[in-house]
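Contents: one structure, followed by commentary.
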Amino acid sequence: MIKTSDLSFHLNRGSGRMATNLAKNMIFGSFGVAGFVALLALLDIILGVPFAHSTTMDILFLLSSAIVGYLGWDAFKDMG
């Protein structure tokens, strides 16, 4: 006879590692998006190319990408 605890052990054995990989991939994705937004904002400040040189929005984009980058770094540091 199969016990419920044995069944749950076999079903959940590999799910912890997969959740950790998914969380790390999401954090790396947030690093990538934050860097891409910061790059576009810097290009707009310097060249005026992607967003028609709106300095106020560029500063807000840089600020938001820095916040997202910090939150990603903090979450990555907590993952250990």
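FYI, it's all coordinate maths here, none of it is from the lab. On a predicted model such as this, the values are computed, not experimentally measured, just so you know.
For the reader, a short list of remarks on this structure follows.
- When the alpha carbon gyration tensor of region 21-79 is reduced to an equivalent ellipsoid, its three semi-axes come out at 27, 10, 6 angstrom, largest first.
- Each residue of region 36-46 was assigned a 3J(HN,Hα) from its phi angle through the Karplus expression (A = 6.51, B = -1.76, C = 1.60, θ = phi - 60°), giving 5, 5, 5, 4, 5, 5, 5, 4, 5, 5, 7 Hz with x at Gly and Pro.
- Couplings 3J(HN,Hα) of region 65-78, computed from phi: 5, 5, 5, 5, x, 5, 5, x, 5, 5, 5, 5, 5, 6 Hz, in residue order, whole Hz [Karplus 6.51 cos²θ - 1.76 cosθ + 1.60, θ = phi - 60°; x for Gly and Pro].
- Stretchable slack from residue 20 to residue 39, in nm (0.36 nm times residue separation minus alpha-carbon distance): 4.0 nm
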